[in-house]
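One structure below.
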Amino acid sequence: MARAVVVVGGGCSGVLVARELLRCSDDDVVLVEPGVPGGGVAYGTAQPWHLLNSRAGAMSADPDDPDHFVRWAGTTPAAFRPREEYGRYLRDVLDEAAREHPGRLQLRRARAAAITPDGTVALDDGSAVTADHVVLATGGPASARQAIVHPHYVNDPWRPGVLEALPADRPVLLIGTGLTAVDVALTLAADGTRTAPIVAVSRRGLLPLTHTTTAAPPAVPSLDDCATLRDVVRAVRHAAGEAGDWRAIVDGLRPYLDELWTALTPGEQDAFLRHLARPWECHRHRMAPPVAARVAELRADGRLEIRAGGVAAWPGLADYAAVINCAGPGRLPGAAGPLVGGLLAAGLARVGPHGLGLDIDPAGRLIGAGGQVQERLWLIGPLRRGARWETTAVPEIRAQARRLVTDLSAGVPVAAAA
């Protein structure tokens, strides 16, 4: 008899795991998503000028077919495609899997309000879905609210219409200088009517670095003699200095990042987060060359200013038409949404290392407040961060999806996975 698996969240993580369940198991799948599958924060609000931050060759939904997205888009592996297009791709691959396995996928257009240990998912329309297993695929923590008082503070820049409503003749302050701030700046400047500057501020004032037009082959630095975080940093810096392109070293490290992260002591992990995480993110999550060129143009024209400094004490806030939160995800439990907050309050989940996500066992099952593994409750995607490190990009999420479905189908016992 087929089992029923509820996937909560229909963004990238939810689509990839639902697709794997349909293709690699006999389970029936219920996808709980209030919006259109394949959207989410990354792709659901994208504009034409928002490009993927990875080349098309890295974005296949199929672990067994690296060129799947390249063929679907009719492009080359080196191209940086529009994010809105990738959202359409995710919807298409899910629809294709549903057609190939008729009757096994049910889409519930609602929001999950609560989850119980027995697999019951209560929905905000008053109904409920009961399943043998539940996969939480809701994306990462919310952005941490900034300690700023301003009459037009915008915590969610992707709320429909919020950016379009801002006056073009008054400056706007962006909190953060990462990829979200870049996306917001491109949107604010898109129609060419803005006459007042966009100011982006962060503690260090670091922008993401840029992909090259042609990728260098990944190169793995020698880490055999590295016993501490200091050793790893020294070896990586040396290898990057010796390489023709530091990007090759960063990309070569990618398959080993989870192993490196879990080998660090908690103190070393904390030191990395305090001192090295932001520079690493700037090197690891880079801008597409056309995006970087547009950012450089805006800066050269004085329409975009990047500044370093403490945000809370930023002078002249009243001069800005709006203050927009473009910072990265906050820490749990404070940045938990209602569903994850409910799981924490009920003891069905616990905060993972450093508050970056939820705690999981090696198979990806949630660990409750008392340390017990929740046999029916699984996690995929950005909320694994802390227990893992590299868990926010498509190649890692599609690998998680395959592993999760394999372990779920095999019935991996808790004792073997803990």
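The values are calculated or read from the model by the stated rules, or taken from the named source; none is laboratory data. The shown structure was predicted, so the numbers you read here are calculated from the model rather than taken from an experiment. Reconstructed Cβ throughout: ideal geometry from the backbone, glycine too, with neighbour counts over all protein chains shown. Please note that ligands, DNA and RNA were not included when accessible areas were found on the heavy atoms of the full protein model with its side chains. Shrake-Rupley method; radii C 1.70, N 1.55, O 1.52, S 1.80 Å.
A compact table of results
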read-out	value
Per-residue SASA entry for residue 169, accessible area with 1.4 Å probe, Å² rounded to 10	110 Å²
Accessible area of the stretch 140-226 belonging to carbon and sulfur atoms, whole % at 1.4 Å probe	54 percent
Ordering of 320-327, 302-309 by packing [mean C-beta count within 10 Å, highest first]	320-327, 302-309
FRET efficiency for residue 150 and residue 2, using Cβ-Cβ distance with R0 set to 56 Å, rounded to 0.05	0.60
Stokes-Einstein diffusion coefficient of the chain, Kirkwood radius over Cα pairs, 20 °C, 1.002 mPa s, in µm²/s	95 µm²/s
Rounded to 10°, Cα long-axis angle of helix 179-188 versus longest principal axis of the chain	60 degrees
Rounded to 10°, Cα long-axis angle of helix 394-410 versus longest principal axis of the chain	10 degrees
Rounded FRET efficiency, nearest 0.05, which uses the C-beta distance separating residue 345 from residue 203 and R0 of 41 Å	0.80
Tail fraction, Cα-Cα pairs, the stretch 292-418, threshold 21 Å, whole percent	55 percent
Average accessible surface area per residue within the stretch 46-122, 1.4 Å rolling probe, Å²	47 Å²
Cβ-placed point charges (K, R +1; D, E -1), dipole of the stretch 260-339 about Cα centre in debye, nearest 20	120 debye
Part-to-part distance (alpha-carbon centres) for the stretch 1-61 and the stretch 362-402, which is given in Å	16 Å
Dipole magnitude of the chain, debye to nearest 20 (Cβ charges: Lys/Arg +1, Asp/Glu -1, about Cα centre)	860 debye
Mean Cβ neighbour count within 10 Å, used as a protection proxy, ranking 209-222, 103-116 highest first	103-116, 209-222
Tilt relative to the chain, helix 289-300 - C-alpha long axis, 0 to 90 degrees, to 10	30 degrees
Trypsin sites (Lys or Arg not before Pro) restricted to the stretch 130-232 and DSSP loop, no more than 16 other C-beta within 10 Å	145, 203, 204
Net charge dipole size for the stretch 29-126 [Lys, Arg +1 and Asp, Glu -1 on Cβ; Debye, nearest 20]	260 debye
Leading residue at positive end of dipole, the chain (Cβ point charges), from 240, 9, 34	240
Of 317, 116, 192, farthest towards positive along the dipole that unit charges on Lys, Arg, Asp, Glu beta carbons give the chain	317
Residue 230 paired with residue 277, simple spin-label distance in nm, labels 7 Å along Cα-to-beta-carbon	2.3 nm
Per-peptide average of other Cβ atoms within 10 Å, ordering 384-394, 183-193 highest first	384-394, 183-193
Cα-based Rg of the stretch 230-370 normalised by 2.2 N^0.38 Å, two decimals	1.36
FRET efficiency for residue 254 and residue 168, using Cβ-Cβ distance with R0 set to 45 Å, rounded to 0.05	0.65
Share of carbon and sulfur in the accessible heavy-atom surface of the stretch 33-86 [1.4 Å probe, %]	57 percent
Rounded, prolate or oblate (a/c below 1.5 giving rounded, otherwise prolate when a/b exceeds b/c) for the stretch 287-340 by Cα gyration tensor	oblate
Average projected area [Cα convex hull, the stretch 9-78], square nanometres	5.4 nm²
Whether the stretch 121-204 is rounded, prolate or oblate, judged on the alpha carbon gyration tensor where a/c under 1.5 counts as rounded	prolate
Rounded Å value of the spacing that divides the Cα centres of the stretch 66-130 and the stretch 223-256	36 Å
Spin-label pair residue 406/residue 210, simplified geometry with 7 Å Cα→Cβ offset, distance in nm	4.0 nm
Residues in the stretch 24-46 that a label on residue 106 would reach, taking backbone N under 15 Å of a point 7 Å out along Cα→Cβ	27-33
